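No value in this document is a laboratory result; all are computed from the given coordinates. Quantities reported herein were computed from a predicted structural model and do not represent experimental measurements. Methodologically, a virtual Cβ is constructed for each residue, glycine included, from the backbone with ideal geometry; neighbour enumeration extends over all protein chains shown.
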C-alpha cells in the first residue's frame, strides 16, 4: 500500500496551536492512538507527537483507517504555518508496511 497524506483535524483546540508552534522546523514522528470512548466519534484516532496530542485523523476517514493501524510502519507529522489564515496546521504522511 502506498503512503497517504492528510491534514490533521482539531489543531485549533485545547492549546494545540502553541504545541505546533513549538514543533516548527522539522517533521516529527507521530503515533496514531484509537479513542473508542471519544464522545464525538467512536472511530476517533488521535495524532500524538512528542507525547502531546496534536489533533485527530479527519472523521471522514478515521473509520476506514482504524482497521489499517496494525499495517502502519510509521507516520511523519509536518507542522506548518498558514500566513493567510494566521494559524498553525499539520499534515501527516502515513507509511505502511510492505505486504
**Fill in**
Note on residue 84: of the conditions (1) surrounded by fewer than 16 Cβ atoms within 10 Å (Cβ to Cβ); (2) in contact with a strand residue (DSSP E or B) (Cβ under 8 Å, 6 or more places away or on another chain), unmet is (2)
**Message:** Considering only residues that are within 15 Å of residue 44 (Cα to Cα) and outside any strand (DSSP E or B), which ones fall in region 1-19?
**Reply:** 8, 10, 11
**Item:** Search result, residues across region 2-14 that are free of Cβ contacts under 8 Å to residues at least 60 places away in the same chain, under 18 Å from residue 80 (Cβ atoms) and surrounded by fewer than 16 Cβ atoms within 10 Å (Cβ to Cβ)
**Value:** 13
**Request:** Tell me, yes or no, whether region 43-63 has at least one residue that is assigned to a strand (DSSP E or B), in contact (Cβ under 8 Å) with a residue 60 or more places away in the chain and surrounded by 16 or more Cβ atoms within 10 Å (Cβ to Cβ).
**Result:** no
**Asked** Looking at residue 30, is it surrounded by 17 or more Cβ atoms within 10 Å (Cβ to Cβ) and more than 14 Å from residue 92 (Cα to Cα)?
**Response** no
